[in-house]
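No value in this document is a laboratory result; all are computed from the given coordinates. Predicted model, so just to flag it, every value in this text is computed and none were measured. Neighbour counts run over all protein chains shown; Cβ positions are idealised from the backbone, glycine included.
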Amino acid sequence: MPIITPELAIEYLEKKNVVSIPTETVYGLAADATSDQAVAKIYALKNRPQFNPLIIHVASIETVQEWAYVSKFSIELMEEFWIKRHASISFVLQLKNNHPLSLLALAGLETVAVRRPNHPIALNILNHLSFPLAAPSANQSNTLSTTKADHVLKSLGDIPVVDGGICEVGLESTILDITNDEMKILRLGAVTENDLKPFGKVQLAYHGDAIKAPGMLKRHYAPKIPLRMNILEKEPKMALLGFGDCPGADLNLSISGNLNEAAANLFNYLHQLDNTSFSSIGVNPIPNEGVGQAINDRLNRACEG
Ligand code: TXA
Ligand code: MG
C-alpha cells in the first residue's frame, strides 16, 4: 500500500507531485497551489471539471494576507473560528492583483476559498512548505468524499497517502463567502448558520448559486447505488442506514442519536454499504438541526438523479 510518512509527503509536494493528506473533515488531494503543473495533476486524477476551483489550505492567517484582501471583519472571523474554536470553515475572499496562486486552481475566478485545516499532520506538512496547498476532497469527481486512507486508495488508485486514521468531523468544511464583509453560506458543514449569527446577518446561498459555488453541482456526493431518505423500514435488497433507535439497521450512524457522531460516520458507512450486494440504500430520517442540516444537504444531493 502506498502509505507514506509526512516527511516523504513534504518531499513529494516540493517536487510538484500530489499526495493525499488527512484533514479533520475529509482526506484532501494536495498539491502546490502556486504551480499549474502540480495543480493539473489534481484535476486529472480526480477527473474534475476545470471550471470548479479548489480550496487553498494554509497554516496561518498571515499567509492569506499576502495574497488576499483580509478586512478587519475577516480577521475577526478567522481568529474566532480557525484559531480559537479549531472549526472547519473555508472563507471566500477577494484576491490581490499580484497573487502567486495557480490560475488553474482558481478556475479563473478573482476570489479564493481559503481554509486552515484543524489536523496536526496537515498543519505540520503546511508548516514545512514554502507554498500553500490546493486540496479538493480526495475522491473521483461526483463520488463520495473519503474519510479513511483505504477509501482514498479505492477511489483514486495507487497514489501516495499519509494515513491519519479516520477523519473526526467527516463532512467537508462550511464555505462562507465574506468577499464584501457580508456573510453568505455557500456550503453547509459543521459550522452552522447559528454559529455565525452572533457576527452579523447570514445569507444562505447553498441551493443553486451557480456562479459563486461552481462545485455545488446537485449530484455531488453520490454512492453508486440509489439512495433514499426518510426510510424507516427495510425493503428487499435495501441496506438500511439507521439513526437513533433502529433495530433493523445494517449500520447505524449514531445509536444514541448524536448528530456529530452521525456526521463523522456518514461517508464511511455509505462507502461500506455501497460495496455490498444491496441494490439501494435507505436512510432513517435525520433531524434537520445543527450539523443535521449539513448531513441532510449531502443526502439530498446523493438522491438527485
Ligand atoms: O473540508 C474541505 O473543505 C475539504 C478538505 C480536503 O479541505 N475540501 C473540499 O474541497 O471539500 P472540494 O474541492 O471537494 O470542494 C471545494 C468547494 C467546491 O464546491 C468549489 O466550487 C468551492 O469549494 N470553491 C472553491 N473556490 C471557490 C470560490 N472562490 N468561490 C466559491 N466557491 C469556491
Ligand atoms: Mg469534493
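Summary of computed values
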quantity: Percent of Cα-Cα distances greater than 27 Å, calculated over the range 1-147; calculated: 15 percent
quantity: Extension reserve of the ASP245-PHE73 stretch, reckoned as 0.36 nm per residue once the Cα distance is removed; calculated: 57.6 nm
quantity: Pairs of alpha carbons in the range 256-305 whose separation is greater than 15 Å (percent); calculated: 47 percent
quantity: Choice from HIS151, HIS128, HIS271 with maximal GNM fluctuation in the chain (Cα, 10 Å cutoff); calculated: HIS128
quantity: Using distinct alpha-carbon pairs, which all enter the 1/r mean, Kirkwood radius of the range 108-180 in Å; calculated: 14.2 Å
quantity: Length gained when the stretch GLU193-LYS16 is fully extended (0.36 nm per residue, less Cα-Cα span); calculated: 60.0 nm
quantity: Gyration tensor verdict on the range 18-91 (Cα atoms; rounded if a/c is under 1.5, prolate if a/b is larger than b/c, oblate otherwise); calculated: prolate
quantity: Two-site FRET efficiency, PHE278 against ILE3, from Cβ-Cβ distance with R₀ of 25 Å, rounded to 0.05; calculated: 0.30
quantity: Listed pairs LYS41/LYS96; LYS96/LYS148; LYS96/LYS154; LYS16/LYS201; LYS148/LYS224; LYS16/LYS96 exceeding 30 Å between Cα atoms; calculated: LYS96/LYS148; LYS96/LYS154; LYS16/LYS201
quantity: Projected label distance in nm at ASN52 and SER256, using a 7 Å step from Cα toward the beta-carbon; calculated: 3.6 nm
quantity: Length-normalised contact order for the chain - Cα pairs under 8 Å, 6+ apart - percent; calculated: 19 percent
quantity: Reachable aspartates and glutamates from LYS184, criterion Cα separation under 19 angstrom, eight or more residues apart if same chain; calculated: GLU76, GLU79, GLU80, GLU110, GLU172, GLU193, ASP195, ASP209, GLU289, ASP297
quantity: Estimated FRET transfer efficiency (ASN288, ILE83; beta-carbon r; R0 30 Å; 0.05); calculated: 0.50
quantity: Sites LYS201 and GLU235, calculated FRET efficiency, Cβ-Cβ separation with R0 35 Å, nearest 0.05; calculated: 0.20
quantity: √(5λ) per eigenvalue of the Cα gyration tensor, the chain, largest first, Å; calculated: 31, 23, 17
